[in-house]
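Take a look at the structure below.
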Amino acid sequence: MYQLTRGVLALMIGFIISIITGVALLPLLRKLKASQTLSSYLSKKHKAKEGTPTMGGLIFIIPTLLSIIILLLLKKISFSTNLFIVLFVFVSYALLGFIDDFLIIKRKNNVGLTEIQKLIGQIVIALVFFFIYMKSGADPVIEFYTLGFEVHLGWFYGLFLLFMLVASSNAVNITDGLDGLAGGLSLIEVITFALIAANSKAIAGTSEISVFCFVLAGSLIGFLAFNSRPAKVFMGDTGSLALGATLATIAIITKHELTFIIVSGVFIFETLVCLIQIVSMVYFHKKVFLMTPFHHHLEKLGWNERDIVVVFWCIGLLLSMAAIVFGVWY
């Protein structure tokens, strides 16, 4: 009951600060004309969104950090190495995304950081993660509790961390194409890992990570108040990269990598659709889908944007419930 109360308090604090941040930040982003040029391949409905401010990820990033600081100062949570790692990845990827968004806005086109520059930044973050994680006494092991086996990776564990961070951050970034889509799916996944972390008591610091997840969930609810259709702001790379990498980090620390694959099913599917389209175009010069990611394919088929978002949210919720059963109960 105490853990649930802490979670509700954390969610409430994150939500309130997020709403305040959004109200204060939106006029500033509009004044700075912090918007990006949308792709010419998108429909007229999407082109109508041109001029909508980006960098909206700050609406849930700033409140999450402030909330954690407040809870630490009030001694409602204790500081741990695992919490530090989560905060480090969260802030580092947010900064990486912020730089990318800033360059896009400054250049008034869709060219921000190059893929090489992003990869270098992600490698540095993964190396720091790996170093701190190993120094904390963690084993370079992927454990599959439900299936009853584990895989020892040794120094290859560093490459595994890099792959998880890069794949997850890019998957959320790819899915962030409709109002409320990536934010809603991330909210579902964050709450799922809040519950999983609360039940991972054998691992030090997961109680604090659970509180972090509840804070982030509250902040995301506040963000969705501004991002749901019609969106008043987009999360941008600032938000999507931070969310994806942080979710992967929490899955690694709580030793629920396989559960992460289940709960991230929609994000993974969207990414696979893009990969299939690229391979088909390069080797066969044919399109498999009308447009990628898959949510744009559905739009081309005549689906309503709101319907696509709701269906994807429902699928994400079902996968998350299955993940909780698989990762916690079963």
Using beta carbons and a limit of 6 Å, which pairs, at least six apart or on different chains, have the first residue in region 7-29 and closer than 19 Å to L73 by Cβ and the second one among the aliphatic types (A, V, I, L, M) and modelled with pLDDT under 95? A10/V211
Looking at region 222-235, which of its residues are in a loop (DSSP other than H, G, I, E, B) and either open to solvent by 10 Å² or more (accessible area, probe 1.4 Å) or at pLDDT 95 or above (or both)? S228, R229, P230, A231, K232, F234
Checking the condition surrounded by fewer than 16 Cβ atoms within 10 Å (Cβ to Cβ) and not in a helix (DSSP H, G or I), which residue from V128, V124, V111 passes? V111
Inside region 148-186, the number of residues satisfying the requirement of being aliphatic (A, V, I, L, M) and closer than 24 Å to I315 by Cα is 11
Any residue in region 143-154 that is small (G, A, S) and either surrounded by fewer than 16 Cβ atoms within 10 Å (Cβ to Cβ) or in a strand (DSSP E or B) (or both)? yes
Scanning region 170-186 residue by residue, the ones that are more than 16 Å from A251 (Cβ to Cβ) and either at pLDDT below 90 or in a helix (DSSP H, G or I) (or both) total 8
Conditions (1) assigned to a loop (DSSP other than H, G, I, E, B); (2) closer than 27 Å to L127 by Cβ; (3) modelled with pLDDT of 90 or more: number failed by A204: (3)
Just to be sure before I move on: is F212 assigned to a loop (DSSP other than H, G, I, E, B), touching a residue at least 12 places away in the same chain (Cβ under 8 Å), closer than 23 Å to A167 by Cα and of a type outside the set (K, R) in the structure I sent? no
Mind listing just one residue for me: the one in region 268-311 that is in a helix (DSSP H, G or I), closer than 18 Å to N170 by Cα and touching a residue at least 60 places away in the same chain (Cβ under 8 Å) and, of those, most open to solvent (accessible area, probe 1.4 Å)? I268
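Residue-by-condition table, conditions (1) open to solvent by 40 Å² or more (accessible area, probe 1.4 Å); (2) under 14 Å from V263 (Cβ atoms):
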| site | (1), (2) |
| --- | --- |
| N170 | yes, no |
| L181 | no, no |
| E189 | no, yes |
| F193 | no, yes |
| I196 | no, yes |
| F214 | no, no |
| L220 | no, no |
| D237 | no, no |
Does region 105-123 contain any residue that is aliphatic (A, V, I, L, M), out of contact with any Asp or Glu (no Cβ under 6 Å at 6 or more places or on another chain) and under 17 Å from A251 (Cα atoms)? no
Might you let me know whether region 72-88 holds any residue that is farther than 24 Å from S228 by Cα, outside any loop (DSSP other than H, G, I, E, B), open to solvent by 40 Å² or more (accessible area, probe 1.4 Å) and charged (D, E, K, R)? no
Looking only at region 275-330, count how many residues are touching a helix residue (DSSP H, G or I) at 6+ places or on another chain (Cβ under 8 Å), among the aromatic types (F, W, Y) and more than 30 Å from I196 (Cβ to Cβ). 1
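The values are calculated or read from the model by the stated rules, or taken from the named source; none is laboratory data. Bear in mind that the values here come from a model prediction, so they are computed numbers and not experimental data. Cβ sites come from the backbone with ideal geometry, for glycine too, and all protein chains shown count toward neighbours. In case anyone asks, the SASA skips ligands and DNA or RNA and just uses the protein heavy atoms, side chains included. Shrake-Rupley method; radii C 1.70, N 1.55, O 1.52, S 1.80 Å.
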